[in-house]
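Let me begin by presenting the structure, written as C-alpha cells, before commenting on it.
The values are calculated or read from the model by the stated rules, or taken from the named source; none is laboratory data. Since the structure is predicted, the reported quantities are computational estimates derived from the model, not experimental observations. Cβ coordinates were reconstructed from backbone atoms using ideal geometry, including for glycine residues, and neighbour counts include every protein chain displayed. What goes into the accessible areas is simple: the full protein's heavy atoms, side chains included, and nothing from ligands, DNA or RNA. Shrake-Rupley method; radii C 1.70, N 1.55, O 1.52, S 1.80 Å.
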Amino acid sequence: MSVTIKSEREISLMRRAGEILAETHVQLAKALRAGMTTWEIDRLGEEIIRSYGCIPSFKDYDGYPASICVSVNDEVVHGIPSKQRFLKDGDIVSLDAGVIYKGYHSDAARTYGIGEISQEARRLIQVTRECFYVGIKHALVGNRLGEVSAAIQDYAEGHGYGVVRDLTGHGIGTQLHEDPQIPNFATKKKGIRLQEGMTLAIEPMINMGRSDVCWLDDDWTCVTEDGSLSAHYENTILIRKDGPEILSLPAEESAGWYAQAVGA
Ligand code: MF3
Ligand code: CO
C-alpha cells in the first residue's frame with residue numbers, strides 16, 4: 001500500500017471522526033477514578049463512541065477483544081480491559097481509542113494519573129505528551145518524516161527515557177493502519193516527504209527506564225521488560241500547507257495547540 005492523499009471531502013469526514021474521538025477522551029478522563037475496573041472504562045468508551053453513531057475501530061481488529069486499549073503502569077500499549085483489574089491511587093493509565101465515522105478512522109491515546117501519583121510519573125506523562133508536540137512541529141510540507149521521528153527520540157532521550165522501538169505510529173484514513181510507518185526514533189531511512197493532505201497518527205510510547213518491551217501471554221499486552229512505567233500520547237493529524245492540524249483534540253485545544261505546545 002502507498003501513502004494516500006485525502007481530498008477535502010475525506011478531510012471533513014476525518015475531522016469529524018477526530019472531534020468525536022476527542023470528545024470520547026474528554027468524557028473518559030472525567031470518569032476515571034480509583035476503584036473502577038479497566039473493563040468499565042472499555043464499556044463506557046464503547047457506549048460513548050456508539051452514541052455518536054460511530055464504530056470502535058479496535059474491536060475485533062486482528063482479534064483484539066475490546067474497544068479501548070487500557071494499559072496500566074508498566075503496560076506500554078494494547079492492555080486488554082478486565083473485570084479483575086481495578087485502578088488504584090498512584091497508577092498511571094493509558095487509554096487508546098479509535099473510531100470509524102462514515103468509513104474514516106481517527107486514533108488517539110492519552111495517559112492519566114489516578115489520584116496522587118509520583119512526581120517522576122507526572123514528568124513521564126508530561127514529557128511523553130511533549131514528545132508529540134516536539135515531533136509535530138516538524139510535520140511540515142516538504143520535510144522528511146524522519147525529522148519528526150528524530151525530534152521525538154532526541155527529546156525523550158534527553159530526559160533519560162527509553163523510546164519504544166517495536167511499535168510505531170502510522171498513516172490513517174479508510175484504514176486504521178496505512179502507510180507510512182512513523183517510528184519514534186531515527187532510522188537510516190529518511191522517510192517520505194510530507195505532502196498536503198496526508199493524515200498521520202503520531203504516537204510516542206515512552207518508558208521511564210529502558211526501551212525494551214515484551215508481550216504478555218495474552219499476545220496483546222505490551223509491557224516494559226524492566227518493569228518501568230510507560231506512557232503513550234497520540235493524535236491523528238493532517239498535513240496542511242500552512243502547518244499541521246490536529247484532528248483529535250477538542251476544538252478549543254486544537255486552535256491553540258502551537259502556543260500551548262511551545263509555551264509561547
Ligand atoms: N493506537 C493503536 C495503534 O495505532 C491501537 C491499535 S489497537 C488494536 O496501533 F487493537 F486495534 F490493534
Ligand atoms: Co495508532
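Restricting the stretch 169-192 to residues that are within 11 Å of ligand 2 (Cβ to nearest atom) and of a type in the set (A, V, I, L, M), the residue that is surrounded by the fewest Cβ atoms within 10 Å (Cβ to Cβ) is LEU176.
Please determine, by comparing only the residues of the stretch 76-109 that are among the charged types (D, E, K, R) and open to solvent by 20 Å² or more (accessible area, probe 1.4 Å), which one is farthest from TRP215 (Cα to Cα). The extreme case among them is LYS102. Applying the criterion of being within 16 Å of the chain's Cα centre (by Cα) and surrounded by fewer than 16 Cβ atoms within 10 Å (Cβ to Cβ) to the residues of the stretch 154-168, the residue that is nearest to ligand 2 (Cβ to nearest atom) is ASP166. When you scan the stretch 148-156, do you find a residue that is closer than 14 Å to ILE206 by Cα and either within 15 Å of ligand 1 (Cβ to nearest atom) or among the aromatic types (Phe, Trp, Tyr) (or both), even just one? Yes, the stretch 148-156 has at least one match. Contact map, the stretch 12-41: residues that are over 20 Å from ILE100 (Cα atoms) paired with residues that are polar (S, T, N, Q), Cβ distance under 8 Å, separation 6+ or inter-chain. Pairs shown: THR37/SER82; THR37/GLN84; THR38/SER82; TRP39/SER82.
Could you list all residues from the stretch 1-42 that are within 21 Å of HIS232 (Cα to Cα) and open to solvent by 60 Å² or more (accessible area, probe 1.4 Å)? GLU19, GLU23, GLN27, LYS30, ARG33, TRP39, GLU40 - these are the residues of the stretch 1-42 that are within 21 Å of HIS232 (Cα to Cα) and open to solvent by 60 Å² or more (accessible area, probe 1.4 Å).
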